Amino acid sequence: MQRYFKPVVFLACLLPLGRLMWLGLHAGLGANPIEFITHSTGDWTLTLLLVTLSITPLRKLTRQYWLISFRRMLGLFAFFYGSLHLMTYVWLDKFFDVHEMLHDIAKRKFITAGMTAFTLMIPLALTSTKWSIRKLGKRWQTLHRLIYFSAAAGVIHYIWLVKADLKKPLEYAFALGMLLMYRIVAWVVARRAVPKHVGEAEVIAQ
Amino acid sequence: MLIKKAEDIRSSEITPKSLYLNRRKFLAEVAMAGAAAAIGVGLKGTISPSTSVLAGNKIDGIKKSSFSTTETVTPYKDVTHYNNYYEFGTEKDEPAELAKNFRPRPWKVKIDGLVDKKQELDIDTILKMAPPEERIYRHRCVEAWSIVVPWIGFSLNELIKKVNPTSKAKYVEFTTLYDLGQMPGQRRQVLDWPYVEGLRMDEAMNPLALLCFGMYGEDLPNQDGAPLRIVLPWKYGFKSAKAIVRIRFTEKQPTNTWNISAPQEYGFYANVNPNVDHPRWSQAKERRLGEFLKRPTLMFNGYGDQVASLYSGMDLKKNY
């Protein structure tokens with residue numbers, strides 16, 4: 001099943017980029033194209049992070065355990081759109097002015113949060129190979145819990161960025177809250193079920 | 001200095017081609033909609049007379065103004081499809097769509113507070129107070145983007161002189177229409193409705209302060225503040241209240257809506273100032289819509305010659 005699905009999911013993840021390129025070539029990015037690209041890549045980074053985080057609950061609740069094979073690809077696509085999002089800022093907004101960017105990171109808390117979210121994704125992307133998983137063993141899972149903090153920082157980045165209308169960032173916050181709540185509940189349930197093997201329970205809660 | 005005289009430039013020379021194309025497209029759409037309605041394909045109610053008649057109405061007898069800039073005018077489509085007008089939604093492309101059924105006529109403006117005679121003026125009475133002028137102004141948003149718009153109106157002081165505020169009046173306050181039926185964005189409490197803005201009397205009397213009812217040679221589109229707004233080119237865009245229903249003269253400084261929403265971010269004065277950062281954005285540079293590279297932001301948006309004296313001796317870092 002996953003053999004046929006994987007290319008489909010891969011291509012689906014490229015659709016947001018394809019849409020941007022198509023709109024760009026057809027003057028469809030509106031009056032402020034750079035802002036449009038920034039918002040779009042930011043939205044897709046958060047969306048894909050949340051989709052990645054929903055794989056575990058989904059496979060457990062539906063008992064479709066094969067879903068795990070998509071998690072790495074989805075997570076890497078979140079990193080991919082996050083990189084594009086950062087690039088629009090570094091290139092199209094700041095034109096590689098390092099001094100100005102450092103000033104921004106220090107002074108503007110929404111930039112600080114955004115940079116934190118992206119930085120936390122870097123070790124996850126770097127250790128996404130089979131070799132790293134084998135090499136790091138149990139520490140790999142501990143390390144990859146950084147995704148919770150990255151997603152939270154990403155949502156905070158969005159909340160701090162909007163001027164008055166919190167609707168969209170709070171929708172992301174709600175979705176993330178549910179996904180994290182699942183993990184807490186799963187962890188508590190597993191702990192109660194097998195009180196003597198806390199270590200195992202943590203693994204299940206992943 | 002930065003403001004060049006532009007009396008010898010005709011509007012047809014500077015108005016971008018896209019405006020004319022757009023106008024033709026609009027006419028074609030109206031014609032098509034009309035034809036469709038005629039053969040009865042269920043378009044009932046989609047074309048209200050107010051929008052089809054008023055949008056695109058040409059304004060006659062427009063005078064040129066020495067306040068106009070010679071900079072390239074932003075395409076009409078951008079100025080009408082990239083709007084910060086939360087009464088019609090918080091996304092910039094929403095007002096163009098959600099303001100379609102807004103009715104800019106009939107319209108009355110209440111004049112009250114510290115004036116000789118409190119009254120309600122009909123919009124068409126106001127429009128006759130002075131001959132219309134075209135003012136091509138730079139317009140700088142607090143979000144660090146900018147446009148150049150050929151507004152039509154006359155100096156706000158023309159109206160103020162006619163309604164005669166008393167000597168006690170130190171400020172003037174503008175209130176936007178509050179109408180949940182016509183302004184769907186007001187159904188959500190993203191701001192403290194109705195929208196209120198204000199000016200000190202000497203700012204309001206400055207000839208640059210424009211009482212505006214048109215742009216690009218035509219009536220003001222709904223999404224740009226129809227039927228009556230103010231335009232203050234040396235201040236960030238949010239100071240320029242739209243769809244004004246009340247002008248009140250006061251002794252105390254009015255509390256403006258964005259200041260209520262986030263006092264540490266939006267002050268009363270909101271003069272364009274590249275040296276005073278907004279907590280979210282650096283104000284040193286701006287992106288002119290249609291340009292790739294950012295350009296440096298000018299003090300008072302380049303209108304220092306006209307307005308700098310209003311603020312002499314004031315700490316502009318504190319009075320942001």
*For segment B:74-127, what is the convex hull volume of its Cα atoms per residue in Å³?*
133
*Using Cα-only point scatterers and the Debye equation, what is log10 of I(q)/I(0) for the protein assembly as shown at each q in 0.09 Å⁻¹, rounded to two decimals?*
-0.76
*How many Cβ atoms of partner chains, on average, are near each residue of A:156-169 if near means within 10 Å of its Cβ?*
3
*Per-q log10 I(q)/I(0), segment B:11-311, q = 0.12, 0.13, 0.15 Å⁻¹ (Debye; single scatterer per alpha-carbon; no solvent)*: -0.79, -0.94, -1.27
*asked:* Within a 10 angstrom radius of the beta carbon, how do A:His144, A:His103 rank from fewest other beta carbons to most?
replied: A:His103, A:His144
_Give the average over all directions of the projected area of the C-alpha convex hull of chain A, one decimal, in nm²._
14.0
*Which of the residue pairs B:Lys168/B:Lys242; A:Lys60/A:Lys109; A:Lys163/B:Lys161 have a Cα-Cα distance greater than 31 Å in the structure shown?*
A:Lys60/A:Lys109; A:Lys163/B:Lys161
*Using just the helices of the protein assembly as shown, give the 222 nm mean residue ellipticity in deg cm²/dmol: DSSP H runs with n ≥ 4 each add -39,500 (n - 2.57), and the total is spread over all residues, rounded to 500.*
-13500 deg cm²/dmol
*Would you work out if segment B:101-204 is rounded, prolate or oblate? Take a ≥ b ≥ c from the square roots of the eigenvalues of the alpha-carbon gyration tensor; rounded if a/c is under 1.5, else prolate when a/b is larger than b/c, oblate otherwise.*
rounded
*Return B:Glu251, B:Glu203 ranked ascending by Cβ neighbour count within 10 Å, so the fewest neighbours appear first.*
B:Glu251, B:Glu203
*Can you give the mean number of other chain Cβ atoms that lie within 10 Å of the Cβ atoms in peptide A:99-107?*
1
_Averaged across B:282-289, how many Cβ atoms of other chains sit within 10 Å of each residue's Cβ atom?_
3
*Is segment A:100-183 best put as rounded, prolate or oblate by its Cα gyration tensor, with a ≥ b ≥ c the root eigenvalues, rounded for a/c under 1.5, and otherwise prolate when a/b is larger than b/c, oblate when not?*
oblate
*Provide A:Asp165, B:Asp315, A:Asp97, B:Asp224 in ascending order of the number of other Cβ atoms located within 10 Å of each residue's Cβ, fewest first.*
B:Asp315, A:Asp97, A:Asp165, B:Asp224
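Coordinate-derived values only; no laboratory data. None of these values were measured; they are calculated from a predicted model. FYI the Cβ positions are ideal-geometry reconstructions off the backbone, even for glycines, and counts take in every protein chain you see.
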